[in-house]
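Right, one structure below, let's go through it.
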């Protein structure tokens with residue numbers, strides 16, 4: 001049986017305030033207008049972007065304050081929606097959709 005403890009803050013209050021302000025302005029995510037990824041929820045897109053950046057599931061868990069199984073569930077759901085069966089396929093879809101360029105730069 002695993003126990004969940006309250007998450008510890010990972011950012012200083014100053015940084016987290018700036019980050020929240022930027023999120024509210026919509027300054028963190030590029031618009032997505034590709035038929036394949038239009039099926040994904042905003043949270044799925046957020047997880048996809050982190051995967052494409054090379055983040056491991058455990059890193060995504062910490063960054064988004066989610067459980068490991070929730071992140072795995074997002075990945076499985078995205079793969080099912082997009083008709084692919086591996087992370088490499090997710091990355092290819094992200095590149096095709098312009099979420100991230102081939103050199104690893106965000107669109």
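The values are calculated or read from the model by the stated rules, or taken from the named source; none is laboratory data. Here the structure is a predicted model, which means the values were calculated and not measured. Using ideal geometry, Cβ is built from the backbone for each residue, glycine included, and neighbour counts are taken over all protein chains shown.
Of note:
Listed here are the residues, each with its yes/no results for (1) surrounded by 18 or more Cβ atoms within 10 Å (Cβ to Cβ); (2) modelled with pLDDT of 85 or more; (3) not in a helix (DSSP H, G or I).
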position	(1), (2), (3)
30	no, no, yes
47	yes, yes, no
72	no, yes, no
93	yes, no, no
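- In the set 22, 43, only one residue is assigned to a helix (DSSP H, G or I) and either modelled with pLDDT under 90 or more than 20 Å from residue 91 (Cβ to Cβ) (or both); that residue is 22.
- Any hit, segment 49-69, residues being modelled with pLDDT under 70 and out of contact with any helix residue (DSSP H, G or I) (no Cβ under 6 Å at 6 or more places or on another chain): no
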